[in-house]
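The values are calculated or read from the model by the stated rules, or taken from the named source; none is laboratory data. The structure displayed is predicted, hence computed values, not measured ones. We place every Cβ from the backbone using ideal geometry, glycine too, and count neighbours over all the protein chains shown. Only protein heavy atoms, including side chains, enter the accessible area calculation; ligands, DNA and RNA are left aside. Shrake-Rupley method; radii C 1.70, N 1.55, O 1.52, S 1.80 Å.
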Amino acid sequence: MKAILKILSVLAILGFAPHASALDIFACEPEWGALAQELGGDRVSIYVATSALQDPHQIQAKPSLLARARRADLMVCTGAELEIGWLPIVLRQSGNNKIQAGKPGYFEAASFVQKLEVPTRLDRADGDVHASGNPHIQTDPHNIARVATALAERLSQIDSANAAYYQTRYRDFTQRWNIAMQRWEKQAAPLRGVAIVVQHKGFPYLEHWLGLREVAALEPKPGVEPTSAHLSEVLEQLKREPAKMILRAAYNDGRGSEWLAQRAKISVAVLPFTVGGSDKAKDLFGLFDDTVQQLLDAQL
Ligand SMILES: [Zn+2]
């Protein structure tokens, strides 16, 4: 035992910080876990609460999430009501004062970007509409860049001993990200103006970024699964106003989009939507590499 402690203290002196001293980050979604990893390197320990194959609107407050929130130094979540069904319960029951809303340990990514689809009226009859706008901000890499700036600052604030480290990693990430964005925008140029159908209204930021034109959604209302009556309506609409492809996220059930794609004779692009949503989307760079590639493939 003594020998182990000695080894640990030697490692600590050498700069191999033992796990326990790392900043404990609870990321609500995989994209923010990946971003925190880019910026935090070996000074952070990250727990990602949800996966790309889960519907982010349907997460439950499980005991395992509570246990992780209890010991977190920093929550990194989307906000804009995406986690409204589970995060308030987890925060309340965690008994962890550091991570409550308004505290430095609570970071809401969506508050650092310009939101799209902010409703002018709120009516539950319109379906799962979010008061503060569409929460799926991670599909535009410019939003990732904005959130990175704010997150690097926040890391430096709550772990000031490592501020220089976080800022160095931030600069390095930003440089690589800017180069990658130029590449993606060049590759995706043929997609500008292309008409698309979406399954869920999960892509307004992607559409805005690449100039895609959304003509219909398979969900009759946001958060309501496609019905056969609504799918038939969309099929009729596409006869008058053709689209090139249907976009769905990796977590979506594929039956509605396949049904429509066969009848309208268009393709389906299954997008990773977040890190882990496809084999290639292993990190944030892979996420956009694959997203652009899937769109280009579906456009042919
Ligand atoms: Zn949504």
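Running a GNM on the chain with Cα contacts under 10 Å, which residue among Asp126, Asp253, Asp24 ends up with the highest mean-square fluctuation?
With Cα springs under 10 Å in the chain, the top fluctuation among Asp126, Asp253, Asp24 is at Asp126.
Using alpha carbons only, how many degrees (0 to 90, rounded to 10) separate the axis of helix 2-13 from the longest principal axis of the chain?
For helix 2-13, the angle is close to 70 degrees.
Cut-off under 13 Å on the C-alpha distance; same-chain residues fewer than 8 positions from Lys103 excluded. Which aspartates and glutamates are left, in chain and number order?
Reachable aspartates and glutamates: Asp73.
Could you do me a favour and compute the accessible area per residue for the chain, 1.4 Å probe, result in Å²?
Numbers: 14490 Å² over 300 residues.
Value returned for the chain: 48 Å² of accessible area per residue.
First check a/c for segment 80-122, with a ≥ b ≥ c the square roots of the eigenvalues of its C-alpha gyration tensor; if it is under 1.5, answer rounded, and if not, answer prolate when a/b is larger than b/c or oblate otherwise. Don't skip to the end; give the middle numbers.
Working: a/c = 3.48, a/b = 1.75, b/c = 1.99.
Oblate shape, in that a/c is at least 1.5 and b/c is the bigger or equal ratio.
Can you show me the helix-derived [θ] at 222 nm for the chain, built from DSSP H runs with n ≥ 4 at -39,500 (n - 2.57) apiece and divided by the number of residues, rounded to the nearest 500.
Details: 10 runs with 128 residues, N = 300.
Calculated at 222 nm, the ellipticity per residue is -13500 deg cm²/dmol.
Determine the share of segment 204-253's accessible area contributed by carbon and sulfur atoms, expressed in whole percent, with a 1.4 angstrom probe. Provide the component values of the computation, followed by the final result.
On the way: 1140 of 2280 Å².
Percent of accessible area from carbon and sulfur atoms in segment 204-253: 50.
Mind scanning Lys186/Lys221; Lys201/Lys239; Lys115/Lys280; Lys98/Lys201 and naming the pairs with a C-alpha gap bigger than 25 Å? Let's see the in-between values first.
Numbers: Lys186/Lys221 34 Å; Lys201/Lys239 21 Å; Lys115/Lys280 28 Å; Lys98/Lys201 34 Å.
From the list (Lys186/Lys221; Lys201/Lys239; Lys115/Lys280; Lys98/Lys201), the Cα-Cα distance tops 25 Å for Lys186/Lys221; Lys115/Lys280; Lys98/Lys201.
What would the Debye formula give as log10 I(q)/I(0) at q = 0.11, 0.19, 0.22, 0.26 Å⁻¹ for the alpha-carbon point model of segment 181-252, no solvent?
Listed by q, the Debye log ratios stand at -0.29, -0.78, -0.97, -1.21.
Given the Cα-Cα distance of Thr168 and Gln299 and 0.36 nm per residue of separation, how much length would full extension add, in nm? All intermediate terms of the calculation are to be shown ahead of the outcome.
Details: separation 131, 0.36 × 131 = 47.16 nm, distance 3.91 nm.
Computed gain between Thr168 and Gln299 is 43.2 nm.
Would you work out which of Ala69, Pro104, Ala22 lies farthest towards the positive end of the dipole of the chain? Charges go on Cβ: Lys and Arg +1, Asp and Glu -1.
Towards the positive end, the residue furthest out is Ala22.
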